[in-house]
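Since the structure comes first, as structure tokens, the remarks are kept for the end.
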Number of protein chains: 2
Amino acid sequence: MSAQDQVVTELADLVFQVAGRLRQGFNAIAAELDLPPAQALALVNLRGPAPMRDLADVLACDASNVTGIVDGLERRGLVTRRTDPADRRVKHLVLTEEGQRRRDLLGSAAHLRAAALFNVPEADRRQLRDLLAAVADPSGDTRDR
Amino acid sequence: MSAQDQVVTELADLVFQVAGRLRQGFNAIAAELDLPPAQALALVNLRGPAPMRDLADVLACDASNVTGIVDGLERRGLVTRRTDPADRRVKHLVLTEEGQRRRDLLGSAAHLRAAALFNVPEADRRQLRDLLAAVADPSGDTRDR
DNA sequence: AGCAGATACTTGGGAAACTCAACTATCGAG
DNA sequence: CTCGATAGTTGAGTTTCCCAAGTATCTGCT
């Protein structure tokens, strides 16, 4: 195995590891707020009213899956479905008051955890962000080699 | 929200995003090899014979969950349980021949995908690795500030 | 106008993944 | 040798997720 392959392997492992901790912290917070992971994740991704399709795209999952997740959120009284009068196929997800509150709690607690995890010098954080952005977004053509 | 908070938020989002792509690729490969995600993940984490407890630690989940996952792997004939004669409580997970084969396939295909994803200059990859390692492992005390 | 195909969402079926509590078997220490 | 810890399993229940099929609605084309 070449040295470059080695770096890629380590990289993949590290990303999984860091993301794992992030996710674990997030799930713990969600559990404290009495929310299953997927529902919590959906919740934080809801700002203004948005069609369910958008949520399916963000979560990168099947539309029928979103139906189930939103059912859960609705059962808990955190969102409501409102059919778009302009296009009666789409239903906009609207946060209830309690939904907003819960979302904010979740968001700020998650941010605290994230800040604790990324406990490195600010310069390193910025650099890390930029490098990850380059990986996530191949448009900034810093192409191979 | 301070600029530092902003960076942390972006960082968390990016890590999730990159890990998401990695995981998505992994799951696709697993599906091609007729393996559900969790079983595939367990499989790649099996090298030599190891107690089920170790796997539970690595996967950061309940022991009973591992029972189910290993049941699946065993049903597919990829793994066998062997009780440790020295401590008859523990069962070592041993890869079958097919299990080894499948694990190798999974590993190399996943590596290819990872290499494609981390398509940035080698120097950046190394730097990214080092930064992530610092985040993942707080021992190398590059502490806050 | 009106029809054909796309799109948004739901439903039903089923597999997995996961947690919790309780249980068995075994180990290790005082 | 008994008490407390540990490895693993079992059972129950919830959640997540995909697929296939179905309904309602929209849009483009003729």
Next item on the list: Determine, yes or no, whether A:Arg88 is surrounded by 14 or more Cβ atoms within 10 Å (Cβ to Cβ) and among the charged types (D, E, K, R).
Entry: no
Notebook entry, point to check: Does the range B:33-44 include one or more residues that are at positive phi and within 13 Å of DNA strand C (Cβ to nearest atom)?
Noted result: yes
Note to self: Quick check on my filter: what residues within the range A:86-102 are under 21 Å from A:Leu33 (Cβ atoms) and outside any strand (DSSP E or B)?
What the structure shows: A:Thr96, A:Glu97, A:Glu98, A:Gly99, A:Gln100, A:Arg101, A:Arg102
Next item on the list: Would you mention how many residues in the range A:110-135 are facing chain B (nearest Cβ under 7 Å) and either in contact (Cβ under 8 Å) with a residue 60 or more places away in the chain or in contact with a His (Cβ under 8 Å, 6 or more places away or on another chain) (or both)?
Entry: 2
Margin query: Within the range B:28-37, does at least one residue satisfy the condition of being within 9 Å of DNA strand D (Cβ to nearest atom), touching a Ser or Thr at 6+ places or on another chain (Cβ under 8 Å) and of a type outside the set (Lys, Arg)?
Written below: no
Item checked: Residue identified as within 26 Å of B:Val18 (Cβ to Cβ), more than 8 Å from DNA strand C (Cβ to nearest atom), under 17 Å from the mean Cα position of the chain (by Cα) and touching a residue at least 40 places away in the same chain (Cβ under 8 Å) among A:Ile69, A:Ile29 -> A:Ile29
Next item on the list: Considering each residue of the range B:38-60, count those that are without any contact (Cβ under 8 Å) to a residue 12 or more places away in the chain, exposed (fewer than 15 other Cβ atoms within 10 Å of the Cβ) and touching a helix residue (DSSP H, G or I) at 6+ places or on another chain (Cβ under 9 Å), and give that number.
Entry: 2
Check: If you check B:Val90 against the conditions, is it more than 29 Å from A:Arg23 (Cα to Cα) and within 10 Å of DNA strand D (Cβ to nearest atom)?
Finding: yes
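Only the coordinates and a few stated rules stand behind these numbers; no lab work does. Not measured: the values here are computed from a predicted model. For neighbour counting, all protein chains shown are included, and Cβ atoms are generated from backbone atoms with ideal geometry for every residue, glycine included.
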